[in-house]
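Trainee: I'd like to ask some things about the structure below.
Please treat every number below as a calculation from the coordinates, not as lab data. Note that this is a predicted model, so its numbers are computed, not measured. Glycine also receives a Cβ, built like all others from the backbone with ideal geometry; neighbour counts cover every protein chain displayed.
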Amino acid sequence: MSKLTDAFKNQKAFIPFVAANDPDFEGTVNNVVALAKGGADIVELGIPFSDPIADGPVIQAADLRALKADPDLPMDTIFDMVKEIRKQTDVPLAFLTYLNIVFQYGYEAFTARCEELGIYGLVIPDMPLEERGELAPIAEKHNVDLIPLVTPISADRIEKIAAAATGFIYVVSSLGVTGERSEFANGLADLVNRIRKVTDVPTAIGFGIHTPEQATEMAQIADGAIVGSACVNIVAEYGRQAPAKLTDYTKQMKAAVNANPVR
Amino acid sequence: MTELNLELNKNTSGRYGEYGGQYIPETLMNELDRMTKAYEHYKNDPEFKTELHDLLVDYANRPSLLYYAERMTKDLGGAQIYLKREDLNHTGAHKINNVIGQALLAKHMGKTRLIAETGAGQHGVATATIAAYFGMECEIFMGKKDTDRQRLNVYRMELLGAKVHPVTSGSMVLKDAINAALQDWTKRVDDTFYLMGSATGPHPYPLMVRDFQSVISQESKKQLKEKTGKLPDMVVACVGGGSNAIGSFANYIDDPSVQLVGAEAAGKGVETELTAATVERGSDGIFHGMKSMFLQNKTGQINPVYSISAGLDYPGVGPEHAYLAKTGRAQYVGITDDEAVQAFEYIAKTEGIVAAIESCHAVAYVEKIAPKMRKDQIIVCTLSGRGDKDVASIAKYRGVDIDE
């Protein structure tokens, strides 16, 4: 069974995100280890892209910081970060990046390295269902799940996307780009129910979640919650002191996703 | 003018060999699908075609002239040079052909708000113009660097009733404006139509833009036949994203005797980092919704690009151009800033035409190649736009101090 699917077993999952090379090599390793220490069920590691069209200002800024620090930022450097991370934790890891990064490294070589280093999944916002065919068989061969995104306006695409999914399904909470929000789209429960009719693959809601209350609310609807911009903000604000803060935040959010909602 | 043939392109799959596709966030997929279906429907709809035709004729001032550049021909001493005068269109560039088509489609789809990206401002002005014509809301995304250097066009768009958003993310130029427009679209797809300015982006944009711009070669083919009874030996157009070039090529692709040449912006030189010559310097990649050729580093980060021409200042090229380049059906050549500026001055002095600096990349290639061709051979060169907007920057390039 998929290691990512496993992370949802018997509990709600909390999935935080940080960007690689933000602030630097060592900082990335420390941040991911800190998230794992706080109880993250899966950690999403963002591979910076010059033009992250699905991301809001916070993650865009993180990508730019990361690339400013190292304009070339070779994929092999990021794989080396994962190697270091793997010396300290076996937390399930997934990459979030844009397809061009994977394409340039080569689909075969990229997913082979993922398998070798224990990257169990890829979230690629600019690879919709119709375009996953060029990567899917190669990823499958290397036991790398391609995590699809489902949105509040996916409509009749929901079942098709769900049927092809492995690992988990990323449910986009609302329209637009990533970033903290105070409100989410209506009908998320219906959306998750439609997915559950088609597949047992777990669901996690992301885009905009930052408070424990929101995490509790979203984890009532789905099987987990994904938090990106809020974690990236901690990294941006605290720099070298970020790991301790990330651990605390993760503990709080992890408790929140498994808390009973206040009615 | 005969009606525009929107059926020229038999391949409606959105793939051009391995290029093309729809590499775009899930949020936009249903909308792109609706757009594709609407376009496939309306391009066969007699009422839509009549409306499009009437707008092209009565509003955009089509057909544009195919003008025999006699002085240039004599001066260069080789092939006969014909200029396709898209600079004489309403709003002063070929951009109007595409915005009329897409805005009409938007109207039929029930959309009330148009958004668009713009580099130098030409596509933004054309979109603002058509939005005013149709009484639609209009918001234009433009890199902060471009709003600063093209203040006149910003004011023009505002005059036409559009709201201009200066984009401060990334390198604050055209590619960032496209990112911002796509992001805005993901927030609001129900009433909004993203009117893409070039033959780039996810399917169906490259197909639609090519079809709407193919009016250029539909006309030039007919006009040249009337004037000379012949096909051209060569068609030359400038290429940024490649909309005027694909429109200039479209009706000749199946005529193997017609050589197709795209003039790319080499900036300070193809071998330098200050270039926008995507086909010569770029490599295959996936960006802005398409698999195509891009200027990028080894990791796949998209490079900043440079050209004196804001309209060619784009790190990619439309997927059909990538395909034409790969198969060898079209050739792409780099023209430097220096060569384009020289051509700007040359065509002004020899023909009395102030052409856009973008178009002057094509003119510069004609200057190079025409003398090497026989006198019975014919070149059709597209003047994609007029050059009034460039006068100040050319003066600056030459170190001449003028009041704007």
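Trainee: Can you list, largest first and rounded to whole Å, the semi-axes you get for segment B:24-177 by taking the square root of 5 times each eigenvalue of its Cα gyration tensor?
Mentor: Details: eigenvalues 170, 112, 47 Å².
So the equivalent ellipsoid measures 29, 24, 15 Å along its semi-axes.
Trainee: Near the amide H of A:GLY46, under 5 Å away, which other amide H atoms are found, from residues 5 or more places off or on another chain, if H is placed in the peptide plane?
Mentor: Counting only residues 5 or more places away or on other chains, the set is A:VAL18, A:ALA19, A:ALA20, A:LEU96.
Trainee: What base-10 log of the normalised intensity I(q)/I(0) is obtained for segment A:74-231 from the Debye formula, alpha carbons as equal point scatterers, at q = 0.10 Å⁻¹?
Mentor: -0.37
Trainee: Right, next: Taking H as built 1.01 Å from N, whose amide H comes closer than 5 Å to the amide H of B:HIS165, not counting residues under 5 places away?
Mentor: Here the answer is B:ILE140, B:PHE141, B:MET142, since their amide H atoms fall under 5 Å of that of B:HIS165.
Trainee: Counting only Cα, what are the radius of gyration and maximum Cα-Cα distance Dmax of segment B:148-226, in Å?
Mentor: Expressed in Å, the Cα Rg and Dmax of segment B:148-226 come to 16.5, 50.
Trainee: Over the Cα atoms of segment B:213-264, each weighted equally, I'd like the Debye log10 I(q)/I(0) at q = 0.13, 0.23 Å⁻¹, rounded to two decimals.
Mentor: Each listed q corresponds, in turn, to -0.27, -0.80.
Trainee: If you don't mind, another one. Please sort by residue number the trypsin sites (Lys or Arg not before Pro) in segment B:216-315 whose DSSP state is loop and whose Cβ has at most 11 other Cβ atoms within 10 Å. Don't jump to the answer; show the numbers that get you there.
Mentor: Values: sites: B:LYS221, B:LYS222, B:LYS225, B:LYS227, B:LYS230, B:LYS268, B:ARG281, B:LYS291, B:LYS298; in loops: B:LYS230, B:LYS268, B:LYS298.
Here the trypsin sites (Lys or Arg not before Pro) that fit, given the DSSP loop and packing criteria, are B:LYS298.
Trainee: Got a sec to turn the phi values of segment A:22-34 into Karplus ³J(HN,Hα) couplings, 6.51 cos²θ - 1.76 cosθ + 1.60 with θ = phi - 60°, whole Hz, x for Gly and Pro?
Mentor: Per-residue couplings from phi come out as 10, x, 7, 4, 5, x, 4, 4, 4, 5, 5, 4, 5 Hz.
Trainee: Using only the Cα atoms of chain B, construct the convex hull and provide its projected area averaged over every direction, in square nanometres to one decimal.
Mentor: Working: hull surface 71.5 nm².
That works out to 17.9 nm², a quarter of the Cα hull's surface.
Trainee: Now a separate question. In what sequence do B:TYR314, B:TYR332, B:TYR68 fall when counting other Cβ within 10 Å, fewest first? Could the numbers behind the result be given before it?
Mentor: Numbers: B:TYR314 27, B:TYR332 22, B:TYR68 16.
Final ranking by Cβ density, sparse to dense: B:TYR68, B:TYR332, B:TYR314.
Trainee: So how far, in whole Å, is the C-alpha centre of segment A:210-263 from the one of segment B:24-47?
Mentor: 39
Trainee: Cα to Cα, under 25 Å, and not fewer than 8 places away if on the same chain: which lysines meet these conditions relative to A:LYS251?
Mentor: A:LYS3, A:LYS9, A:LYS12, A:LYS37, A:LYS83, A:LYS87
Trainee: I've got another one for you. What average number of partner chain Cβ atoms lie no more than 10 Å from the Cβ of the residues making up A:5-12? Kindly include the intermediate steps, with their values, before the conclusion.
Mentor: On the way: counts 0, 0, 0, 0, 0, 0, 0, 0.
Averaged over the peptide's residues, the number is 0.
Trainee: Here is a further query. Can you give the mean number of other chain Cβ atoms that lie within 10 Å of the Cβ atoms in peptide A:94-101? Please list the in-between numbers first.
Mentor: On the way: counts 0, 0, 0, 1, 6, 6, 13, 5.
Mean partner-chain Cβ count within 10 Å for A:94-101: 4.
Trainee: Could I ask something else about it? Using the Cα centre of segment B:248-404 as origin and beta-carbon charges of +1 (Lys, Arg) and -1 (Asp, Glu), tell me which of B:VAL261, B:LEU274, B:ILE394 is placed farthest towards the positive end of the dipole.
Mentor: B:VAL261
Trainee: Taking θ as phi - 60°, what are the ³J(HN,Hα) couplings along segment B:281-297 by the Karplus curve (6.51, -1.76, 1.60), each to the nearest whole Hz, with x for Gly and Pro?
Mentor: 9, x, 8, 4, x, 9, 6, 6, x, 9, 8, 6, 10, 9, 8, 8, 8
Trainee: Same structure again: Say the dipole of segment A:167-263 comes from +1 at the beta carbon of Lys and Arg and -1 at that of Asp and Glu; which of A:PHE168, A:MET253, A:ALA189 then lies farthest toward its positive end?
Mentor: A:PHE168
Trainee: On average over all directions, what projected area in square nanometres does the protein assembly as shown have, based on the convex hull of its Cα atoms?
Mentor: Working: hull surface 115.8 nm².
Its Cα hull, projected and averaged over all orientations, spans 29.0 nm².
Trainee: When ranked by the protection proxy of mean other Cβ atoms within 10 Å per residue, highest first, what sequence do the peptides B:11-24, B:347-360, A:122-135, B:121-134 form? Show your work: numbers first, answer last.
Mentor: On the way: B:11-24: 19.7, B:347-360: 23.1, A:122-135: 21.3, B:121-134: 26.1.
Descending mean neighbour count gives B:121-134, B:347-360, A:122-135, B:11-24.
Trainee: Roughly speaking, what is the centre-to-centre gap between segment B:162-185 and segment B:274-306 when only Cα atoms are used, to the nearest Å?
Mentor: If we compute the Cα centre of each part, the gap is 19 Å.
Trainee: Right, something else. Please report, for the Cα atoms of segment A:6-140, the Rg to one decimal and the Dmax as a whole number; what are they, in angstrom?
Mentor: Radius of gyration, then largest Cα-Cα span, for segment A:6-140: 14.3, 42 Å.
Trainee: So, in nm, how far is label B:TYR67 from label A:ALA255 when the simple model puts each one 7 Å beyond its Cα toward the Cβ?
Mentor: A separation of 7.6 nm, rounded to one decimal place.
Trainee: I've got another one for you. Count the net charge of all other residues whose Cβ sits under 11 Å from the Cβ of A:ASP22, scoring Lys and Arg as +1 and Asp and Glu as -1.
Mentor: Values: positive: A:ARG65, A:LYS68; negative: A:ASP24, A:ASP63, A:ASP70.
After counting each charged neighbour, the total is -1.
Trainee: Still on this structure: Once the other residues with Cβ under 10 Å from the Cβ of B:TYR19 are scored (Lys, Arg +1; Asp, Glu -1), what is the net sum? Before the final figure, lay out each step's value.
Mentor: Numbers: positive: B:ARG15, B:LYS291, B:LYS326; negative: B:GLU18, B:ASP284, B:GLU320.
Cβ neighbours under 10 Å give a net charge of 0.
Trainee: Name the residues whose placed amide hydrogens come within less than 5 Å of the amide hydrogen of B:GLN259, ignoring near sequence neighbours (fewer than 5 apart) on the same chain.
Mentor: Here B:MET234, B:VAL235 satisfy the definition.
Trainee: Count charges around B:GLY289 for me, please; just the other residues with Cβ under 11 Å from its Cβ, Lys/Arg as +1, Asp/Glu as -1. List each step's numbers first, then the result.
Mentor: On the way: positive: B:LYS291; negative: A:ASP126, A:GLU131.
Once positives and negatives cancel, what remains is -1.
Trainee: In terms of Cα to Cα distance under 13 Å, which aspartates and glutamates are near enough to A:LYS141, apart from those fewer than 8 places away along the same chain?
Mentor: Within reach: A:GLU108, A:GLU115, A:GLU116.
Trainee: Rounded to the nearest 500, what is the protein assembly as shown's calculated 222 nm mean residue ellipticity when only DSSP H runs of at least 4 contribute -39500 (n - 2.57) each, over all residues?
Mentor: Helix contribution divided over all residues of the protein assembly as shown: -12500 deg cm²/dmol.
Trainee: Cα gyration tensor of segment B:284-404, axes a ≥ b ≥ c as square roots of the eigenvalues: rounded (a/c below 1.5), prolate (a/b > b/c) or oblate?
Mentor: Working: a/c = 2.56, a/b = 1.29, b/c = 1.98.
Since a/c reaches 1.5 but b/c is at least a/b, the shape of segment B:284-404 is classed as oblate.
Trainee: What does the highest-first list of B:320-327, A:240-247 look like by mean Cβ count within 10 Å? Before the final figure, lay out the partial values.
Mentor: Values: B:320-327: 23.1, A:240-247: 17.8.
In decreasing order of mean packing, B:320-327, A:240-247 become B:320-327, A:240-247.
Trainee: Give a residue-ordered list of calculated ³J(HN,Hα) values for segment B:144-152 (Karplus: 6.51 cos²θ - 1.76 cosθ + 1.60, θ = phi - 60°; whole Hz; x for Gly, Pro).
Mentor: Per residue, the Karplus-derived 3J(HN,Hα) values read 4, 4, 6, 5, 5, 8, 10, 4, 4 Hz.
Trainee: Rounded, prolate or oblate for segment B:30-103? Axes are the square roots of the Cα gyration tensor eigenvalues, ordered a ≥ b ≥ c, and the cut-off for rounded is a/c under 1.5. Display every interim value, and only then the final one.
Mentor: Working: a/c = 3.20, a/b = 2.53, b/c = 1.27.
It is prolate, given that a/c is not under 1.5 and a/b is the larger ratio.
Trainee: Moving on to the next point. Give me the distance between the Cα centres of segment B:245-268 and segment B:121-154, rounded to whole Å.
Mentor: Comparing the Cα centres of segment B:245-268 and segment B:121-154, I get a distance of 27 Å.
Trainee: Mind checking A:70-81 for the average number of partner chain beta-carbons within 10 Å of each residue's beta-carbon?
Mentor: On the way: counts 1, 4, 4, 3, 3, 3, 1, 1, 1, 0, 0, 0.
Per-residue shielding by partner chains comes out at 2.
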